[in-house]
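Scroll down for the structure; my scribbles are underneath it.
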Amino acid sequence: MSFIHLKNRDPEEIVAQALDMNDLQREIYFGLRDQELTVKDLVDKTGRTRSVVQRALQELLDKGIIVREGRTDRTVYYVYTSVPFEKVKKQVSNIIARWYREINEKLS
């Protein structure tokens, strides 16, 4: 039995599945690697509406895998960056290990 399908999966797919990321969240997270983007940049890049992109960003912030930083240049705006993938992999590994311990305790 497998809750996360591992066959022929790369680490990016495993992390995305473990964190229950939808297609847009995946596109945004992996699109933010090694760069800072604004909501407008992400709207242009994904072709989605501003509200849809903002919702996906908030969900990624809630998962702890992206960071938002305020900037000023005549107005206040935010730039988003991804948490380094190695750190996210470790986070997912810890989540799975904690879940495994909890399941073992319940079944003991």
Can you find a residue in the range 67-81 that is at negative phi and under 11 Å from the mean Cα position of the chain (by Cα)?
yes
Lone unmet requirement of (1) under 30 Å from residue 99 (Cα atoms); (2) out of contact with any strand residue (DSSP E or B) (no Cβ under 7 Å at 6 or more places or on another chain) for residue 81
(2)
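Is it fair to say residue 88 is in contact with a helix residue (DSSP H, G or I) (Cβ under 8 Å, 6 or more places away or on another chain) and not in a loop (DSSP other than H, G, I, E, B)?
yes
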So, residue 33, is that one part of a loop (DSSP other than H, G, I, E, B) and surrounded by 10 or more Cβ atoms within 10 Å (Cβ to Cβ) or not?
yes
Number of the exception - residue 108 against (1) of a type in the set (Ser, Thr, Tyr); (2) loosely packed, with under 15 Cβ neighbours inside 10 Å; (3) at pLDDT 95 or above:
(3)
Condition (residue is touching a residue at least 24 places away in the same chain (Cβ under 8 Å) and either within 21 Å of residue 5 (Cα to Cα) or polar (S, T, N, Q) (or both)) applied to the range 76-83: is it met by at least one residue?
yes
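The values are calculated or read from the model by the stated rules, or taken from the named source; none is laboratory data. Nothing here was measured: the structure is a model prediction, and the numbers come from that model. Positions of Cβ are backbone-derived with ideal geometry, glycine not excepted, and every protein chain shown enters the neighbour counts.
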